[in-house]
Amino acid sequence: MNQEEIILQKFDTFENGSKFISENFQNLQKNYGDKFIAVKEDKILFNSDSFETLLEKLKKFQLNDIIIQFIPVKGEIILY
């Protein structure tokens, strides 16, 4: 796989993961509010209260195709 294909694959992974999170955000808040989640191919692989613990759970996975996102509780605002 050449460099351009790798970059396009990463963009696809990010776009698909972001779309899944956006389309399911209310349900994710209900089930995973105040947690970090790891998403791969429209599935939640793991969730955790801390980013470090989530990374430990993901050690056996290639992170290239996983989206990690913090899900705030309903009514909470996160500023970037």
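General remarks:
- Pairs from Lys19/Lys40; Lys10/Lys59; Lys10/Lys43; Lys19/Lys57 whose Cα-Cα separation, in the structure shown, is over 21 Å: Lys19/Lys57
- Phi-derived couplings, Karplus 6.51 cos²θ - 1.76 cosθ + 1.60 at θ = phi - 60°, listed residue by residue for region 44-50: 7, 7, 8, 9, 7, 6, 10 Hz, with x used for Gly and Pro.
- Label assignment, mean projected area of the Cα convex hull in nm² derived from the structure, set (1) 5.9; (2) 4.9; (3) 7.4: (1)
- Sum of -39500 (n - 2.57) over DSSP H runs of 4+, divided by residues of the chain (222 nm, nearest 500): -14000 deg cm²/dmol
- Crossing angle, helix 3-23 versus the chain [Cα axis fit, 0-90 degrees, rounded to tens]: 20
Here, each number is a calculation from the coordinates, and none is a lab measurement. Computed from a predicted structure; not experimentally measured.
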